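> Dropping the structure in here first, questions after.
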Amino acid sequence: MSRRTILLNPGPVTLSARVRSALTDGDWCHREPEFAALTRHLNAEIARLYAGMEDTFDAVLMTGSGTSAVEAMLASFAPADGGTLVVANGVYGERMARMLAVQGRPHEMVQSAWTAPLDIAATAAALDRRPDLTHVATVHHETTTGRLNDLDALGALCRERGLSMLLDGVSSFGAESIETEAWNLAAVAGTANKCLHGVPGLSFVVARKSLFSHPPKQVGSVYLDLFGYHAAQHGDGYSPFTQAVQAAFALREALAEHREAGGWSARRETYRARARRIHDELTSASVATLLNDNEYSSVLRSYLLPDGLSYARVHDALKAEGFVIYAGQGDLAQTVFRIACMGDIQVTDLDALCRALRSVFRATS
Ligand SMILES: *Cc1c(COP(=O)(O)O)cnc(C)c1O
């Protein structure tokens, strides 16, 4: 067998042997009771991953990438009357505003530069000006830069003013702290193939149970209607549409590994240790970070390309050694590269990565 590839992009991730072998567990029909039982199991495991969600939130599993979960959350819970304030500082926040525009849902956006924190002062001002706004939509870990957004500050505003938070937690769910009450969290969207270490194909929304008992007159999508999924999955366990059966096998094992390893806080520590090691290696080769050290999530960091070294050269040299990194997006495409540290990465992989980084960057510094 050829050498493993270590994925340092923000999902999908390098699979553990246990998760990979679950993919061949069998040919199941998604409309048989064994799959209904598996769906119920996965939803229960996802909801109990955070202590604050276990009793008051329900998870709903769907087939689609993380974007589909975010879009389902907005299509189902962003109000058609009133409005949603999107607080954005990167690609994924801005994408939420685009979704609301496509869905014809009233919204406004408070937009910061991609390298800046969420603009809390402008958010408070917008809320003062627009008492009709009832929801705030934002991104927890903005993967554009690696910034872990300050949701304690934004959440306090939501709580004080009684606004519901709709959160894109796609690149944080399972590895960063998520507060339900302090942030007035209504729903969070996540995916199988980032911090949970499953395969791409399944995503989910975890939302307050009470939300599901008040379906709106019209949901902004047929496929992405979370009320339909919830009624089915939390009724007899079936789903309205074909589910990614093999991805569900993989997610079952990934969630078991996550729990056995100590849950989200243990995963955060694992990522922090990996990120620190990579950071130290790059810093000693004079590679600087885009953001300040203390602004990053545990999951991903963005680094500035040194003068005279293109992204393609760095990417190709690392890929030749078995490591896949990620480019910057938009205006950052020419100046930044990103390294995530999710997935089944062993210490020997990190050793090899550090050697590869040294030869790419030391050669030019
Ligand atoms: C990865 C990611 C998504 C979803 O991307 P997909 O390509 O649909 O998996 C959404 N939001 C954030 C913050 C992400 O990192």
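> Would region 290-299 turn up any residue that is part of a helix (DSSP H, G or I) and without any contact (Cβ under 8 Å) to a residue 12 or more places away in the chain? It would help to see each step written out before you state the result.
Start the filter on region 290-299 by keeping residues that are part of a helix (DSSP H, G or I), which leaves 293-295.
Next, only the ones that are without any contact (Cβ under 8 Å) to a residue 12 or more places away in the chain stay: 294.
Yes, that holds for at least one residue.
> Another one. Touching a Phe, Trp or Tyr at 6+ places or on another chain (Cβ under 8 Å) and surrounded by fewer than 17 Cβ atoms within 10 Å (Cβ to Cβ): which single residue out of D280, D331, D293 fits that description?
D331
> Report, ordered by the first and then the second residue, all pairs with beta carbons closer than 6 Å, sequence separation of six or more or different chains, a first member in region 180-194 that is under 20 Å from A248 (Cα atoms), and a second member that is more than 14 Å from the ligand (Cβ to nearest atom).
Pairs that qualify, where the first residue is under 20 Å from A248 (Cα atoms) and the partner is more than 14 Å from the ligand (Cβ to nearest atom), are V188/V206; A192/L251.
> For region 74-98, which residues satisfy the criterion of being within 11 Å of the ligand (Cβ to nearest atom), crowded, with 24+ Cβ neighbours inside 10 Å and part of a helix (DSSP H, G or I)?
G93, M96
> Could you please let me know if G26 is modelled with pLDDT under 95, open to solvent by 10 Å² or more (accessible area, probe 1.4 Å) and of a type in the set (G, A, S)?
Judged against the criteria, G26 is a match.
> Another question about this same structure. In the list A156, A116, A69, which residue meets the criterion of being part of a helix (DSSP H, G or I) and surrounded by fewer than 21 Cβ atoms within 10 Å (Cβ to Cβ)?
Going through A156, A116, A69 in turn, the sole match is A156.
> Next question, about the same structure. Considering (1) closer than 17 Å to H41 by Cβ; (2) in contact with a Ser or Thr (Cβ under 6 Å, 6 or more places away or on another chain), say which one K194 fails and leave the rest.
The number of the failed condition is (1).
> Now for a different question. Can you report the number of residues in region 135-151 which are open to solvent by 50 Å² or more (accessible area, probe 1.4 Å) and assigned to a loop (DSSP other than H, G, I, E, B)?
Result for region 135-151: 1.
> Turning to a different aspect of this structure: In region 174-200, what residues are within 21 Å of S210 (Cα to Cα) and within 10 Å of the ligand (Cβ to nearest atom)?
A189, G190
> Here's something else I'd like to know. Would you call V102 within 16 Å of the ligand (Cβ to nearest atom) and open to solvent by 50 Å² or more (accessible area, probe 1.4 Å)?
Answer is yes for this residue.
> Failed condition for L167, given (1) in contact with a Lys or Arg (Cβ under 9 Å, 6 or more places away or on another chain); (2) closer than 19 Å to A97 by Cα, with all others met?
(1)
> Determine which member of the set D236, D225 is closer than 13 Å to A72 by Cβ and either touching a helix residue (DSSP H, G or I) at 6+ places or on another chain (Cβ under 7 Å) or at pLDDT below 95 (or both).
Unique residue meeting the criteria: D225.
> Helices (runs of 4 or more DSSP H) wholly in region 173-263 with at least 2 residues that are of a type in the set (D, E, K, R) and surrounded by fewer than 18 Cβ atoms within 10 Å (Cβ to Cβ) - which ones?
The helices (runs of 4 or more DSSP H) meeting that bar are 245-260.
> Report yes if M109 is within 30 Å of Q218 (Cβ to Cβ) and either assigned to a strand (DSSP E or B) or of a type in the set (F, W, Y) (or both), otherwise no.
Values: within 30 Å of Q218 (Cβ to Cβ): yes; either assigned to a strand (DSSP E or B) or of a type in the set (F, W, Y) (or both): yes.
When the stated conditions are applied, M109 passes them.
The values are calculated or read from the model by the stated rules, or taken from the named source; none is laboratory data. All figures in this text were calculated on a predicted structure; none of them were measured in a lab. Cβ coordinates were reconstructed from backbone atoms using ideal geometry, including for glycine residues, and neighbour counts include every protein chain displayed. With ligands, DNA and RNA removed, areas are computed over all heavy atoms of the protein, side chains included. Shrake-Rupley method; radii C 1.70, N 1.55, O 1.52, S 1.80 Å.
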